[in-house]
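*Asks:* Take this structure first; my questions come after.
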Amino acid sequence: MRIIPSIDVLCSKRVEVVGHDVEKVFEESDPVETALFWEKAGASMIHVVDIDAAIGTGRRNTEVVKRVIRSVKIPVQVAGGIKAREQVEEFLHAGASRVVVRPRPCSNSLEGFSSLRIVLGIDYMGSDRFRDVGRSSVTIAEDMVVSWVSELDDSTGLSGVLVTDVGAEGFLKGVRKEALGFLKRLAGTGLEIMYAGGVSSIQDVFKLRDVGVHGVIIGKALYNGLLSFQELRRIVEE
């Protein structure tokens, strides 16, 4: 299993996000310096999210994200409001390892994305509930979503799947039981599964590993010192 530090960027600064809402802005922060810190700490990958693009503020942090990519030698996974093939190609050309694209669940929105290093983003909200376009939700049977993921992989060739539990994101209350069930079903596809949302203990990480998750993306718990990156690496990566 891989422990992946997350850097959420709003107005060129690092921020903390709770349930897809910005809770705190670190005015003195520099995402590039943060990326270099995690590289020096031994991270094997960094996850960078353009929050402006994700929540639709009308701004983008494309150049900041590109500077982060260029500043480190380790892989950088990019996410946040990426909807067009041209955007994916731009980040891949800049050196991104792969790009997260979040389409409408059970749609054919990824037609034309084949041959690109994309990760399918799924925003999980609870039992059979997922985030639709924008901030609305949609109710779809989880087994249907799993079947859709398998079909997408067959037609597009996914680099992986990232499930973000927006009902747990940033609350530091642990991984929800219903999310674990969904993740276990997804792991049955054989794809690389990543998870983000609410991880606050080593026990959470063990639970995710037990259901077949390959990578855990952690932000707030690492920055607040609730979890030790080095200890997590020692336990689950080495």
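*Asks:* Limited to segment 190-228, what total is found for residues that are surrounded by fewer than 17 Cβ atoms within 10 Å (Cβ to Cβ) and among the hydrophobic types (A, V, I, L, M, F, W, C)?
*Replies:* Going through segment 190-228 one residue at a time, the tally reaches 3.
*Asks:* Being buried (at least 17 other Cβ atoms within 10 Å of the Cβ) and either in contact with a His (Cβ under 7 Å, 6 or more places away or on another chain) or of a type in the set (A, V, I, L, M) (or both) is the filter here, so list the residues in segment 6-27 that pass it.
*Replies:* Ser6, Ile7, Val9, Leu10, Val15, Val17, Val22
*Asks:* Which pairs turn up if I take residues in segment 53-73 that are in a helix (DSSP H, G or I) and look for partners that are of a type in the set (Lys, Arg) with beta carbon separation below 8 Å, at least 6 apart in sequence or on another chain?
*Replies:* What qualifies is Ala53/Arg59; Ala53/Arg60.
*Asks:* So which residues in segment 83-95 are hydrophobic (A, V, I, L, M, F, W, C) and either surrounded by fewer than 22 Cβ atoms within 10 Å (Cβ to Cβ) or closer than 13 Å to Gly112 by Cα (or both), if there are any at all? Write out each step before concluding.
*Replies:* Looking only at segment 83-95, we keep the residues that are hydrophobic (A, V, I, L, M, F, W, C), and these are 84, 88, 91-92, 94.
Within segment 83-95, Ala84, Val88, Leu92, Ala94 qualify.
*Asks:* Separate question: Consider Lys40 against the criteria (1) within 16 Å of the chain's Cα centre (by Cα); (2) outside any loop (DSSP other than H, G, I, E, B); (3) without any contact (Cβ under 8 Å) to a residue 24 or more places away in the chain: it satisfies all of them except one. Which criterion is unmet?
*Replies:* Going through (1) within 16 Å of the chain's Cα centre (by Cα); (2) outside any loop (DSSP other than H, G, I, E, B); (3) without any contact (Cβ under 8 Å) to a residue 24 or more places away in the chain one by one, Lys40 breaks only (1).
*Asks:* Can you tell me which residue within segment 151-189, out of those that are in a loop (DSSP other than H, G, I, E, B) and polar (S, T, N, Q), is surrounded by the most Cβ atoms within 10 Å (Cβ to Cβ)?
*Replies:* Filtering segment 151-189 for residues in a loop (DSSP other than H, G, I, E, B) gives 157-159, 166-176, 188-189.
Among the residues that remain, those that are also polar (S, T, N, Q) are: 159, 189.
Values: Ser159: 19, Thr189: 17.
The extreme case among them is Ser159.
*Asks:* While we're on this one: Would you confirm whether any residue within segment 28-38 is farther than 27 Å from Leu227 by Cβ and either surrounded by fewer than 16 Cβ atoms within 10 Å (Cβ to Cβ) or not aliphatic (A, V, I, L, M) (or both)?
*Replies:* The initial filter retains those residues of segment 28-38 that are farther than 27 Å from Leu227 by Cβ, namely none.
The answer is no, given that none of the residues of segment 28-38 is farther than 27 Å from Leu227 by Cβ and either surrounded by fewer than 16 Cβ atoms within 10 Å (Cβ to Cβ) or not aliphatic (A, V, I, L, M) (or both).
*Asks:* Now a separate question. Tell me the residue from Ile118, Ile122, Ile46 that is at pLDDT 95 or above and closer than 23 Å to Glu237 by Cα, please.
*Replies:* Exactly one residue qualifies, and that residue is Ile46.
*Asks:* Filtering segment 15-37 down to residues that are touching a residue at least 60 places away in the same chain (Cβ under 8 Å) and of a type outside the set (A, V, I, L, M, F, W, C), which residue is farthest from Val64 (Cα to Cα)?
*Replies:* By that ranking, first place goes to Gly19.
*Asks:* Shifting gears a bit: Taking segment 1-29, which residues are in a strand (DSSP E or B) and among the acidic types (Asp, Glu)? Give the derivation first.
*Replies:* Looking only at segment 1-29, we keep the residues that are in a strand (DSSP E or B), and these are 2-10, 13-18, 21-26.
Selection gives Asp8, Glu16, Asp21, Glu23.
The values are calculated or read from the model by the stated rules, or taken from the named source; none is laboratory data. None of these values were measured; they are calculated from a predicted model. Virtual Cβ from ideal backbone geometry, glycine too; neighbours counted across all protein chains shown.
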